[in-house]
């Protein structure tokens with residue numbers, strides 16, 4: 001669950017630019033914004049001097065302060081101990097992006113004089129975005145943590161609203177909706193966003209469809225509902241891929257399918273990567289299953305290379 005009690009936007013010189021208390025029913029003492037700004041500025045400078053990167057959070061008993069430090073601004077959300085930090089980090093990043101967009105000119109000409117009325121209008125947007133994020137978190141607890149903050153909140157809300165349909169009406173609605181959403185996602189985060197979305201959907205579809213052990217045969221049975229497909233030598237081939245059908249791109253386009261397959265396996269030792277794509281002119285869309293053998297000490301990361309047909 002996610003509930004932000006207070007939200008701050010501070011300048012690194014120790015000034016408070018914006019502060020709002022969102023949980024009016026909380027018995028916690030409201031933080032003096034100017035005092036907190038000075039403290040945050042000092043602790044951020046101290047952590048930077050240590051050479052360990054920027055401060056990400058401070059925990060004081062049952063209260064957590066989630067920080068994002070970008071250029072001259074420090075963005076902070078205060079949450080309760082039982083709230084989800086990953087979702088709070090997403091909201092902080094999202095609100096930071098909205099703030100610098102809305103007040104670009106004011107920040108560009110900022111001379112150190114703080115006038116509360118300049119940024120006061122941002123309160124309505126904070127309430128709107130946090131409310132939408134809380135609604136998303138109720139129905140899809142992992143969605144916010146898996147979607148980049150650069151994606152518009154209304155697009156994420158649409159994904160959340162249609163999340164049940166993506167799974168329950170597989171494959172028809174899954175194909176139709178993912179093709180639609182992919183067009184609305186900024187290109188710089190499209191690959192990772194579609195992969196993570198596919199991974200969530202694949203995991204849920206497999207849970208619903210596979211009653212016994214998850215294996216190659218069970219995964220292929222699901223994929224054959226999408227396309228004529230086969231699996232040989234740990235390579236899954238979709239001979240008629242409906243996700244990139246009719247598209248011509250310079251980069252591989254089926255990140256959703258790669259994520260879907262990886263999510264369906266739901267095994268930290270299995271990674272899936274697209275190695276051929278019809279959208280770039282290849283005959284078929286082909287996905288390589290990489291089975292990682294280790295002692296569990298190495299973390300599992302999916303690498304997005306933005307490969308083109310030439311491999312450049």
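Quick look at the values:
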item	result
Output for the range 161-175, where each listed residue is surrounded by 15 or more Cβ atoms within 10 Å (Cβ to Cβ), assigned to a helix (DSSP H, G or I) and modelled with pLDDT of 85 or more	166, 167, 173, 174, 175
Strands (runs of 3 or more DSSP E) wholly inside the range 194-302 that include at least 2 residues being in contact with a helix residue (DSSP H, G or I) (Cβ under 6 Å, 6 or more places away or on another chain)	229-232, 270-276, 285-291
Scope the range 187-209; condition surrounded by fewer than 17 Cβ atoms within 10 Å (Cβ to Cβ) and closer than 20 Å to residue 169 by Cα; matching residues	207, 208, 209
Residues within the range 132-155 that are part of a helix (DSSP H, G or I), within 25 Å of residue 20 (Cα to Cα) and either modelled with pLDDT of 90 or more or touching a helix residue (DSSP H, G or I) at 6+ places or on another chain (Cβ under 6 Å) (or both), tallied	7
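Quick grid of which residues meet (1) surrounded by fewer than 20 Cβ atoms within 10 Å (Cβ to Cβ); (2) under 20 Å from residue 179 (Cα atoms):
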{"residue": "247", "(1), (2)": "yes, yes"}
{"residue": "255", "(1), (2)": "no, yes"}
{"residue": "259", "(1), (2)": "no, yes"}
{"residue": "262", "(1), (2)": "no, yes"}
{"residue": "274", "(1), (2)": "no, yes"}
{"residue": "279", "(1), (2)": "no, yes"}
{"residue": "284", "(1), (2)": "yes, yes"}
{"residue": "289", "(1), (2)": "yes, no"}
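The values are calculated or read from the model by the stated rules, or taken from the named source; none is laboratory data. All values reported here derive from a predicted model rather than from experimental measurement. Quick reminder, even Gly has a Cβ in these numbers, built from the backbone with ideal geometry, and neighbours come from all protein chains shown.
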